Structures are given as C-alpha cells and as structure tokens.
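Peer 1: Before I ask anything, let me first share the structure, which is written out below as structure tokens.
The values are calculated or read from the model by the stated rules, or taken from the named source; none is laboratory data. None of these values were measured; they are calculated from a predicted model. As a convention, Cβ positions derive from the backbone with ideal geometry for all residues, glycine included, and neighbour counts pool all protein chains shown. Side chains included, ligands, DNA and RNA excluded: accessible areas come from the protein's heavy atoms. Shrake-Rupley method; radii C 1.70, N 1.55, O 1.52, S 1.80 Å.
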Amino acid sequence: MAWTTRSTRTTYENRWISVREDEVTGPAGDGIYGVVEMRHPAVFVVAVDEQDRVCFVEVDRYTTGRSLEAPAGGTDGEEPLVAAKRELLEETGLVAASWEAIGRMNALNGIAVAPEHVFLARGLAEAEDAASSQREEGIERVVWIPFAEAVRQVAEGRIDDGETVAALAYAGISLGRFV
C-alpha cells in the first residue's frame, strides 16, 4: 500500500530545518506523521592520512554529549564537494589534494528528509592561514585514529554517531577493507 498525504502543515522552521505534520493514510490506516526536513543536504568527510589514520573531531553535542565524529556539516546551498572542502578546513584546519565521492545516504529516513553525501579525502596537509570555527561548533579537539582501530571503536560503541559509522563503512568499502 502506498502512503497518501491528505494534508500538511508546517509546525516549526528555522534556517536549518522545517518540521511538518502530515495527515496520512498508510498501512495502519489514518494517522498523523511528523517529518523533519533539512533545508540543505549534509556532507561527511572521511579524511585518511598517509599513515592510514582517520581524522575525527571530538564534539560536545547538546543532545547527546561528547562524540567522535567525521568532519561534517550542511551544504548551505553549495555543491556538496565545495561544502565538504569547506567543512574539512573549518573543523580541522586541513586541506586535501584528492577527493572522491564515495556514497550518498539518508539520515533517520523514518522521520526525516535528510540527504547526505560522503567523501573520502586524501593527500592531507595543514592549511595556511586556516580560519577555524572549531570553538563555535563545540569542537573540543581533532583526533587521529588508525583506520582499523576506528572500526574497533565502532564495534565497541565508542564511536556511535550514526552518520560517522555509515561514512566509515563507505570509506572501508571504497578502500577495499571490507571485501
């Protein structure tokens, strides 16, 4: 059975998201469905250096507390690759010589419209005169973890941000680690 939307109304919006409430008919009959919609797609960067270490940022999230995450952010209307380069620079002070689009995913697709693009960045270097926005984004520090250790930390629940876990999976597939 296909879903039918009978009516929709916006209940909240800001510059990043809108929340709407839809009256629907679905598999269980009539009901109300709440949907969060991102204004712009997000980007996630798995930055891997020549020593096979992955760059993470330690972030203090209002909703979940401390978290190790891949550098990420909104596209703000930019092309995803442009946004990925900007986010890596802002959050880590790094630039990359090589960029590869390695996946596309949707966050919380049961309740949200939140498309995300994943990039693998290699050939990393410190940027000259990098203007960092780490403090305003709640980034405590930049952390380097060997790829295999990062996967272990996922298995142990120490890296538990869903999008970071998925981005690492895309990187592992792209790098031939999970085949």
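Peer 1: Scan the stretch 26-37 and give yes if some residue there is in contact with a Ser or Thr (Cβ under 7 Å, 6 or more places away or on another chain), of a type outside the set (Lys, Arg) and either assigned to a strand (DSSP E or B) or loosely packed, with under 14 Cβ neighbours inside 10 Å (or both), otherwise no.
Peer 2: Among the residues of the stretch 26-37, at least one is in contact with a Ser or Thr (Cβ under 7 Å, 6 or more places away or on another chain), of a type outside the set (Lys, Arg) and either assigned to a strand (DSSP E or B) or loosely packed, with under 14 Cβ neighbours inside 10 Å (or both), which makes the answer yes.
Peer 1: Then there's this: Using the structure shown, decide if ARG53 is surrounded by 13 or more Cβ atoms within 10 Å (Cβ to Cβ) and basic (Lys, Arg).
Peer 2: Answer is yes for this residue.
Peer 1: On the phi > 0 side of the Ramachandran plot and either part of a loop (DSSP other than H, G, I, E, B) or modelled with pLDDT under 95 (or both): is that true of GLY110 in this structure?
Peer 2: So GLY110 fails the test.
Peer 1: Among the residues of the stretch 133-177, which ones are acidic (Asp, Glu), more than 18 Å from LEU89 (Cα to Cα), in contact (Cβ under 8 Å) with a residue 24 or more places away in the chain and open to solvent by 40 Å² or more (accessible area, probe 1.4 Å)?
Peer 2: Matches in the stretch 133-177: ASP160, GLU163.
Peer 1: Of ARG104, ARG20, which residue is farther than 15 Å from TYR170 by Cβ and of a type in the set (Lys, Arg)?
Peer 2: Step by step, each of ARG104, ARG20 is checked, and only ARG20 is farther than 15 Å from TYR170 by Cβ and of a type in the set (Lys, Arg).
Peer 1: Another question, if that's okay. Go through the stretch 59-108 and count every residue that is acidic (Asp, Glu), closer than 14 Å to THR164 by Cβ and open to solvent by 30 Å² or more (accessible area, probe 1.4 Å).
Peer 2: Number satisfying all stated conditions: 0.
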